Amino acid sequence: MKLTTVLLAAAACSALIGCNGENAKVPAQPSGGGGGGLDAIIQARGFTPDEAEAALKVFVPPGRHDEFLMFTSGGHRGSVMLYGLPSMRLLKEIPVFSPDAWQGWAQGEVESAEMLEKGSFGEGMPTLTWGDLHHPQISLTAGKYDGEWLAVSDKSAGRVGIVSLKDLKTKLIFKTPNTVSDHHAIFTDDSEYLVQSAYFPVPFNEPNGYAPIESYKEKYKSVASFLKFDRKSGTIGLSESFQIELPPYFQDMSILGRGPSAGLLFINSLNTEMSTGGVMEGKPAMEVGASQHEMDYLHVIDWRKAVTVAAEPSKSKAVNGIRVISLATAISEKLIHFIPESKSPHGVDLAPGGEYVVVSGKLDPHVSVYSATKIKNAIAKGVFDGKDAFGVPILKYDDCISAHVETGLGPLHTVFDGDGNAYTSHFLDSTIIKWTLGEPYNAGDKAWKVVDKVAVHYNIGHLQAPGSNTTSPYGRYVVALNKWSVDRFPPLGPLHPQNLQVVDISGPKMKVLSDTPTIGEPHNSQIMPMEMLQAWTTYPEIGWDAVRMKRSAFATEQGKENVKRVGNVVTVNGTVTRSHYTPDIVRVKQGDKVVFNWTSVESARDATHGFGIHGFNVNLSLDPGATERAEITAVKPGVYPYYCTEFCSALHMEMTGWLLVEPK
Ligand SMILES: [Cu+2]
């Protein structure tokens, strides 16, 4: 049998071509070549049958779209990357916490610059122009991705960013009070709250937010934040938001319950030893001090009940503008319980139906599977295995556990398909292990079994699957987010890219299909069907304010352009269209402040213009219909041309103007 016949048979139900969609047009024979054409190519390129099959599975022909869209964090690049799956074509980068000249994001643009300023620490602290974007989260309706919003968290500053998937632009950077760091921000099942777990504890209750590190156990505190999200406007209402004070452990990843676990929030913790480092003061290094206990604590928080408690004025107190339920109140109201978990855990993940909470301790070769029903029963029974140093009751491990599955070294994170299987990343082994969940997914001896293992390259951190951690995983692929790439790419300098690997999980054996180098440091991602993306191709009306998502107060109609001077402030209310600026001459005096309000009167798809001024940190992206604003101070006399930075037409090179700054 010919190699291609074998391959096409194998690929007939492949991920790319599909077995049931409109695209299921698999040619019975290789086309174009009259027999042997594909074989010749496969041989000429030196592919093995496996490699050729992988190529068929990930290739997306010109003009066709990928089946899934993956949002991946850019880490301390401060942005989100959008990849098509399975091709792993990089489709877009969305700037959030860092300026971006291409999209005019905080690159001299007024609204986005103000957003960064408001989203900083305030009170004399600098406007932050970076963030460490860790976890993208698609908004949910009834526990399923709805493709409307993307929330991202910033480990470097305890902030969240909100991106609208209508125009793939950032709408809000929200600085959460009482925390300087987070690892995670997740939506509740109907995106009513964005729940953020803090990472570094700080003495937020103390005057000036300061207390010596020696008073760590008494004065440093952590919080879980419940940020009220308005899905119409994409804003967070601080007055309806609240926090629960937590002990000064490092709170890590979290997951919200559903089904049997509905109403509960689960947060991993580390450093329950409360180590503060101090290697030069004769104390153990942070990582040594933080690894003494055999177990850390899985925090179980009854967040639904906490919403009610937070609404009672006597049970919470405003601290730095947000209501805080003290730890003492959280304990007395039975809002918080702990369960022992393997030390230094990283991932906490929820089975699709909400029955099981899966925790991986990095230093334990097992995953621990807790039962939501057992946890709720144990809380109701009120039999505890003592309390922690702050009085939080600790549930008995054996009362809550359903299974302890031996998977491999360095288990981190777990994702799910729609068929009752779990996939866990193993950092030390550099593997993904596939194992089976218990009832109601798998019965009897089919439950809790390791069924497959695949090597990834190398040092996998997170992994992600379409629709995982929702009620409806789509299966098909797992993407491994590998921390090291070693020899997978040509030597690209001492700073190597990380490696995203697509793994086919559609058959009984997992198969690595492709390598993709990354931009930035991808921590985690989420993957939704591409068809869920219903973004605008142009703005709904001319003069659109992208930040407020309505007509801009600074929009100018074509034919009504004007330049106004008030004192030493010159405001240019202009328009752009192919292929000119109106006005194209702006005359100011040295020392004037110049405000440009540009409205693109274009309504054609793709007809984006730019506005860059020589000598200034200004570049705007004037998308069709947008009104964008820039401000500069004309400090030095001279001639400063401006021009369209986005190729727009045959007369693009002529799309220019002059900023003339007369000496005083
Ligand atoms: Cu142009």
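Bear in mind these aren't lab numbers, they're just calculated from the coordinates by the rules spelled out. This one's a predicted model, so the numbers in the text were calculated from it and none came from an experiment. Quick reminder, even Gly has a Cβ in these numbers, built from the backbone with ideal geometry, and neighbours come from all protein chains shown.
Side notes on the structure shown:
- Electrostatic dipole magnitude of region 485-627 [Cβ: Lys, Arg +1; Asp, Glu -1; Cα centre; debye, to 20]: 500 debye
- Proximal charge balance of Gly257 [Cβ under 15 Å; K/R count +1, D/E count -1]: -1
- Summarising the amide proton neighbourhood of Trp105: residues at separation of 5 or more, or on other chains, whose placed amide H is nearer than 5 Å comprise Asp100.
- Going by neighbour counts of Cβ atoms within 10 Å, the residues Ile236, Ile339 line up, fewest first, as Ile236, Ile339.
- Dividing the helix sum by the residues of the chain, where each DSSP H run of 4 or more adds -39500 (n - 2.57), gives a mean residue ellipticity at 222 nm of -3000 deg cm²/dmol.
- Here region 401-543 is assigned +1 on the Cβ of each Lys and Arg and -1 on the Cβ of each Asp and Glu. Its dipole about the Cα centre then comes out at about 280 debye.
- Each residue in Ser120, Ser197 was given a count of other beta-carbon atoms within 10 angstrom of its own, and listing them fewest first yields Ser120, Ser197.
- Neighbourhood charge, 14 Å Cβ-Cβ cut-off, centred on Lys511 and excluding it, Lys, Arg +1 and Asp, Glu -1: -1
- Over the chain: Rg over Rh, Cα atoms, Kirkwood Rh: 1.01
- Shown for Asp182, Asp364, Asp296: other C-beta atoms within 10 Å of each C-beta, ranked fewest to most, produce the order Asp364, Asp296, Asp182.
- For Phe187, distant residues with modelled amide H under 5 Å away: Val195
- Residue-count net charge about Asp296 - beta-carbon cut-off 13 Å; Lys, Arg +1, Asp, Glu -1: -4
- HN-Hα J in Hz across region 543-551 - Karplus 6.51, -1.76, 1.60, θ = phi - 60°, x for Gly and Pro: x, 7, 8, 5, 6, 8, 6, 7, 4
- Taking the DSSP beta bridges with both ends in the chain, the antiparallel portion is around 90 percent.
- Using θ = phi - 60° and Karplus 6.51 cos²θ - 1.76 cosθ + 1.60, couplings along region 596-613 (whole Hz; Gly, Pro as x): 9, 10, 9, 10, 7, 8, 6, 10, 8, 4, 6, 7, 8, 10, x, 9, x, 10
- Each residue of region 396-404 is assigned a 3J(HN,Hα), and the resulting list reads 6, 3, 5, 6, 10, 8, 9, 7, 9 Hz, derived from the Karplus form 6.51 cos²θ - 1.76 cosθ + 1.60 (θ = phi - 60°), x at Gly and Pro.
- Distant-in-sequence amide contacts of Val451, defined by a placed amide H-H separation under 5 Å and a gap of 5 or more residues or a different chain, comprise Lys434, Trp435, Thr436.
- Sorted on the mean count of surrounding Cβ atoms within 10 Å across their residues, most packed first, peptides 636-649, 69-82, 407-420 read 69-82, 407-420, 636-649.
- The chymotrypsin sites (Phe, Trp or Tyr not before Pro) of region 204-242 that meet both conditions, a loop assignment by DSSP and at most 16 other Cβ atoms within 10 Å of the site Cβ, are Tyr210.
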